[in-house]
Amino acid sequence: MPKWCCVLAMPEIKPGDPPPSGYLQWHAWARIQHHAGLRQKRCRMCGLWRFPQEKCCTTLRKERRGIGEGNVVSVPDERGVKGN
Ligand SMILES: [Zn+2]
């Protein structure tokens with residue numbers, strides 16, 4: 001019986017980083033975002049759950065109108081201080 005081993009190469013992920021494209025990479029990324037205090041919110045347009053830095057219908061529409069928040073995501077740290 002063959003024995004298999006999968007090695008997943010991951011770049012360094014920080015809270016607030018944009019999501020990676022791979023499925024397994026996304027789950028590793030999401031775990032780090034959740035540990036950092038970021039929470040998913042449900043999109044009012046399509047009903048999908050998204051982290052604040054993930055683009056979805058609402059954010060894409062805001063960006064088109066020029067009132068988007070860009071990639072700025074406030075991540076609460078251990079001292080409870082929010083960054084800008
Ligand atoms: Zn959406």
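The values are calculated or read from the model by the stated rules, or taken from the named source; none is laboratory data. Source: prediction; values computed, not measured. Because the Cβ atoms are built from the backbone with ideal geometry, glycine has one as well, and the counts that use them run over all protein chains shown.
Remarks
- Every pair of residues 6+ apart whose Cβ atoms lie under 9 Å, when the first sits in the stretch 46-72 and is of a type in the set (Asp, Glu) and outside any loop (DSSP other than H, G, I, E, B) while the second is within 12 Å of the ligand (Cβ to nearest atom) and at pLDDT 70 or above: Glu63/Lys55
- Verdict on Gln53 being at pLDDT 75 or above, of a type in the set (S, T, N, Q) and within 16 Å of the ligand (Cβ to nearest atom): yes
- Unmet criterion (only one of (1) touching a Pro at 6+ places or on another chain (Cβ under 9 Å); (2) surrounded by 10 or more Cβ atoms within 10 Å (Cβ to Cβ)) for His35: (2)
- Single unsatisfied condition, Cys43 versus (1) at pLDDT 85 or above; (2) surrounded by fewer than 14 Cβ atoms within 10 Å (Cβ to Cβ); (3) more than 29 Å from Ala9 (Cβ to Cβ): (2)
- Filtered residues of the stretch 1-45 (kept if closer than 20 Å to Lys62 by Cβ and in a loop (DSSP other than H, G, I, E, B)): Gly16, Pro18, Pro19, Leu38, Arg39, Gln40, Cys43, Arg44, Met45
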